[in-house]
Amino acid sequence: MSHNPIRPWRNIDRRTSRKIRVGSVEVGGDAPIAVQSMTNTLTHDAAATIAQILRMEEAGADIVRVSCPDEASTAALKDIVRNIGVPIVADIHFHYKRGIEAADAGAACLRINPGNIGSVARVREVVAAARANGCSMRIGVNGGSLERHLLEKYGEPCPEAMVESALDHARILDDLGFHEYKISVKASDMFLTVAAYQQLSEATDAPLHLGITEAGGLRTGTVKSSIGMGSLLWAGIGDTIRVSLSADPVEEVKVGYEMLKSLGLRTRGVNIIACPSCARQGFDVISTVETLEKRLAHITEPISLSIIGCVVNGPGEAAMTDLGFTGGGAESGMMYAAGKPSRKVGNATMIEEIVDAVEAKARQLREARDADAVAAE
């Protein structure tokens, strides 16, 4: 992340990690933090899985994980990979042969759990398939499926046990000359997860994939993930993230981006800054924001927009955003552009005017980006 000399309190120094590739996506090093999600369709139903992945792509997913529990799933993977644009991580548990099949079918990365994948000999076969197909790997340690000997040693899942599991498995890959891997140490216990990642971040230079596993439903899972993963990201730890929600996986992507946007680590789409509304509001703030979120969901250019109900904080917030609207007049409010008052707009037409202004700003950004690309050629 670039340093801000004017507002140094916004700076985040990312942990130094080596860079790997998950298909076309760089992970670690100076690469942007990637947002990942996971399908919840039956993988062998290729049509349903493809449709869900395409919706996740549209929402901004950089990487998508797909569970491969059986031969029918890995057989479908070849068709799935052909029909989507994002790299696929094949999720492998228990049956190491599924990992070999997934690599052959076009997966960009294989996720294996050291607690249940089996012997070193089996891992060696999976690594050989990964290497032959240009796959990276993720060592996925989970607090709920630690190896028996570690549970006997430590008594219960704890940060030390999770980190030892991860490093033991990383050593196997390193000994095999395979270094294209990232690591995760997830648990449903937010405190356990954060402590494990903090320890792991100091013990390896491998890229780290963050997540609070089995976090819960949309609201509960978002809060837990934001607190746990947010604290790690703020400390500069994390190279890919996945928000685990018992909800539509598209929501995982949206929450992931909002998390990164709030920390200034990624920019995508319209960032709406809005007041909670009160008796001073000059228009219905809540319904306006709900409508604008839907109307502006197609915008991918990074644009900040303030929607404030009255003039107490409205002009000040608008001074810090690309575009803004502040209520206050009789059935009208003030539009702002680049922090400056632009024109009065009636409440009856403000949504259309705001949408038009955002779309015009997006076009301006696209044209400038395209011009820069031509100049660079």
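Of all residues in the stretch 328-377, those satisfying the criterion of being open to solvent by less than 40 Å² (accessible area, probe 1.4 Å) and within 18 Å of residue 311 (Cβ to Cβ) are 329, 332, 333, 335, 336, 339, 345, 346, 347, 350, 354.
This table checks each residue for (1) on the phi > 0 side of the Ramachandran plot; (2) part of a helix (DSSP H, G or I); (3) in contact with a helix residue (DSSP H, G or I) (Cβ under 7 Å, 6 or more places away or on another chain).
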{"site": "157", "(1), (2), (3)": "no, no, yes"}
{"site": "165", "(1), (2), (3)": "no, yes, yes"}
{"site": "174", "(1), (2), (3)": "no, yes, no"}
{"site": "183", "(1), (2), (3)": "no, no, yes"}
{"site": "192", "(1), (2), (3)": "no, yes, yes"}
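Here is the figure for the stretch 20-62: residues that are part of a loop (DSSP other than H, G, I, E, B) and within 16 Å of residue 253 (Cβ to Cβ) total 8. Here the condition is being of a type in the set (S, T, N, Q) and more than 20 Å from residue 116 (Cβ to Cβ); of 220, 193, 213, it holds for 220 alone.
Scan the stretch 232-269 for residues that are over 18 Å from residue 216 (Cα atoms) and open to solvent by less than 20 Å² (accessible area, probe 1.4 Å) and the total you get is 10. When the stretch 209-231 is filtered for residues that are surrounded by fewer than 24 Cβ atoms within 10 Å (Cβ to Cβ) and hydroxyl-bearing (Ser, Thr, Tyr), the ones remaining, listed by number, are 213, 220, 222, 226, 231. Of the helices (runs of 4 or more DSSP H) that lie entirely inside the stretch 230-329, those containing 3 or more residues that are within 20 Å of the chain's Cα centre (by Cα) and touching a residue at least 24 places away in the same chain (Cβ under 8 Å) span 249-262. All of 98, 65 fail the test of being within 23 Å of the chain's Cα centre (by Cα) and either among the basic types (Lys, Arg) or in a loop (DSSP other than H, G, I, E, B) (or both), apart from 65. Pairing each residue of the stretch 36-59 that is closer than 15 Å to residue 245 by Cβ and modelled with pLDDT of 95 or more with any residue that is open to solvent by less than 70 Å² (accessible area, probe 1.4 Å) and part of a loop (DSSP other than H, G, I, E, B), provided the two are 6+ apart or on different chains, yields C-beta distances under 7 Å for 36/61; 36/62; 37/61; 52/39; 52/41.
Residue count for the stretch 1-45, restricted to those that are farther than 20 Å from residue 200 by Cα and either open to solvent by 20 Å² or more (accessible area, probe 1.4 Å) or basic (Lys, Arg) (or both): 23. Is it the case, given these coordinates, that residue 361 is touching a strand residue (DSSP E or B) at 6+ places or on another chain (Cβ under 6 Å) and in a helix (DSSP H, G or I)? So residue 361 passes the test.
When residue 106 is tested against (1) out of contact with any helix residue (DSSP H, G or I) (no Cβ under 9 Å at 6 or more places or on another chain); (2) touching a residue at least 12 places away in the same chain (Cβ under 8 Å), just one condition goes unmet, and that condition is (1). Just one of the listed residues (280, 266, 219, 242) is at negative phi and in contact with a Phe, Trp or Tyr (Cβ under 7 Å, 6 or more places away or on another chain), and it is 266.
Looking at 308, 273, 303, just one residue is surrounded by fewer than 21 Cβ atoms within 10 Å (Cβ to Cβ), closer than 29 Å to residue 368 by Cβ and either at pLDDT below 95 or touching a strand residue (DSSP E or B) at 6+ places or on another chain (Cβ under 9 Å) (or both), and that residue is 273.
The values are calculated or read from the model by the stated rules, or taken from the named source; none is laboratory data. Since we're looking at a predicted model, the values are computed, not measured. Every residue, glycine among them, receives a Cβ derived from its backbone with ideal geometry; neighbour counts consider all protein chains shown. Side chains included, ligands, DNA and RNA excluded: accessible areas come from the protein's heavy atoms. Shrake-Rupley method; radii C 1.70, N 1.55, O 1.52, S 1.80 Å.
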